[in-house]
Amino acid sequence: MAQPTDPDPRATLRGGLPDRYLTPADIAEMFEVPLETVYQWRKKRTGPPGFRIGKHLRYDPTDVRDYVTGLKNSATAA
């Protein structure tokens with residue numbers, strides 16, 4: 001039996017939200033940046049807000065969408 005495939009994390013920004021929290025690897029793929037960039041964003045508090053579940057870093061898709069919307073709004077206001 002075939003394993004179900006994970007939804008493309010880039011679709012989060014284009015369409016419906018996935019029904020799971022996103023990993024740093026998902027964020028890196030979504031924004032087409034290296035994984036290390038995602039960790040630097042977290043360290044500098046410049047990227048989408050993340051949270052910890054135990055030792056694991058996760059991102060709420062709604063927070064990621066809000067982050068992108070804020071970037072778009074600030075770009076149009078400038």
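What follows draws every value from the coordinates through simple rules; no lab data is involved. Because the structure is predicted, anything quoted here is derived from the model rather than measured. Neighbour counts run over all protein chains shown; Cβ positions are idealised from the backbone, glycine included.
Taking a ≥ b ≥ c as the square roots of the eigenvalues of the Cα gyration tensor of the range 20-66, is the shape rounded (a/c under 1.5), prolate (a/b larger than b/c) or oblate? Write down the numbers at each step before the final one.
Details: a/c = 1.31, a/b = 1.15, b/c = 1.14.
The shape class here is rounded.
Label D66 and E32 with points 7 Å out from Cα along Cα→Cβ: what is the distance between them in nm?
2.7 nm
Quick one: if you stick a label point 7 Å off each Cα along the C-beta vector at R58 and A77, how many nm between them?
Simple spin-label model gives 3.1 nm for this pair.
Between K44 and R20, what length comes free when the chain is fully extended (0.36 nm per residue of separation minus the Cα-Cα distance, one decimal in nm)? Present the calculation step by step, with values, prior to reporting the outcome.
Numbers: separation 24, 0.36 × 24 = 8.64 nm, distance 2.50 nm.
Result for the pair: 6.1 nm of gain on full extension.
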